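The values are calculated or read from the model by the stated rules, or taken from the named source; none is laboratory data. As the structure is a computational prediction, the values presented were derived from the model and not from experiment. Cβ: placed from backbone, ideal geometry, glycine included. Neighbour counts: every protein chain shown. We work out accessible area using only protein heavy atoms, side chains counted, and drop any ligands, DNA or RNA first. Shrake-Rupley method; radii C 1.70, N 1.55, O 1.52, S 1.80 Å.
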Amino acid sequence: MPPSTDQRRHSPAAERNGPVILTELQRLLPAQGILLEIASGTGQHAALCAAGLPGWQWQPSDYDAAALTSIAAWCSGQDRVLPPIGLDVLSPEWFDIARQFDAIYCANMIHISPWACTQALLRGAARHLTPQGVLITYGPYLVDGVQTAPSNLAFDADLRARNRAWGLRRLSDVGDQAAAVGLSLRETLNLPANNLLLVWERG
C-alpha cells in the first residue's frame, strides 16, 4: 500500500466539539468580519467554522510550525481562510499595532500552556480587537462555587503531571487578568463535556 499523502492531523476532540462551537459562533458573531484564531492546532476548527461562517475571513495561526502544514491541508480550497501563520502569544508584538480583528478565537490553549500564555493572550486581544470586537475562548475551567466534574479534576491532574506549568485555570483568575487589560466577561456558555465558551469584550 503506498504511503498516505494526506498531511492533515486529526483530533477526535476537535471533531466532536467543532459543530457545537460553530453553532454558538453563528449565533454570537455578526454577519461578516475578520477573525484571528490563536493555537489553531490541527486546523479542523478553522476548516469547519470558516465554511459555516460565509461572511467571515479566517486567519489561522499556531506556535508550532509543524502544525501549519496540517492547518493548510484542512483549509485547502477555502478562499476565505488566509494562509496559516506562526504566532507566539508571548511575543510582545503579534502584528503591526494597526492590525485589528473583529473576533479572536482560542480553543484549548489556556490549560495546555503556562499561565503566562493566558496573560499574553488577553494582552494581545486588547491590542488587536476592534472597538466592538470579541475574544472567544473555549475549554475547561475551575469555577468558584461550582463543583468541578470528576473528569475535569482527573484531566487537571494529568496535565500537571505532564507539565507542572499546565492545568485548568480558575475563571476568576482569568477574569482578573482580563480586567487588567480592559476586557470583561460578557457571556458564559456551558457546552458538552464540561467545557465553557467564554465571550470577552472591551469595557
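Things to note:
- Per residue accessible area in Å² of the range 1-150, where ligands, DNA and RNA are left out and the probe is 1.4 Å: 47 Å²
- Of all the options Gln59, Gln78, Gln147, the one that moves most in a Gaussian network model of the chain with Cα springs shorter than 10 angstrom is Gln147.
- A full extension of the chain between Arg99 and Arg186 corresponds to an added length of 29.0 nm, given 0.36 nm per residue minus the alpha carbon distance.
- Cα extents of the range 121-163 along the three principal axes, largest first (Å): 39, 26, 14
- Integer Hz, Karplus 6.51/-1.76/1.60 couplings in order for the range 120-129, x for Gly and Pro: 5, 4, 5, 4, x, 4, 4, 6, 10, 7
- Of Asn108, Asn190, Asn17, the residue with the greatest mean-square motion in the GNM of the chain, using alpha carbon springs below 10 Å, is Asn190.
- Placing dummy labels 7 Å off each Cα toward the beta-carbon, the span from Arg164 to Ala149 is 3.0 nm.
- Under-5 Å amide H pairs with Glu37, H placed in peptide plane, nonlocal only: Gln59, Ser61, Tyr105
- 3J(HN,Hα) from dihedral phi, the range 193-198, Karplus parametrisation 6.51/-1.76/1.60, rounded to Hz, x for glycine, proline: 6, 6, 10, 10, 10, 10
- The gain in end-to-end length when the Asp79 to Gln26 segment is fully stretched comes to 17.2 nm, 0.36 nm per residue minus the alpha carbon separation.
- Residue-by-residue Karplus 3J(HN,Hα) for the range 48-62, coefficients 6.51, -1.76, 1.60, Hz, glycine and proline x: 5, 6, 5, 5, x, 10, x, x, 10, 9, 10, 10, x, 7, 7
- Pair-distance profile P(r), taking every C-alpha pair of the chain, with 5 angstrom steps and integer %: 1, 7, 16, 20, 21, 18, 10, 4, 1, 1, 0, 0
- Percent carbon-and-sulfur accessible area, the chain, ignoring ligands, DNA and RNA, probe 1.4 Å: 54 percent
- Between the amide H of Trp56 and those of Gly33, distances stay under 5 Å, these residues lying 5 or more places away or on another chain, with hydrogens modeled in the peptide plane.
- Amide H contacts under 5 Å for Glu187, placed H, 5+ residues apart: Val199
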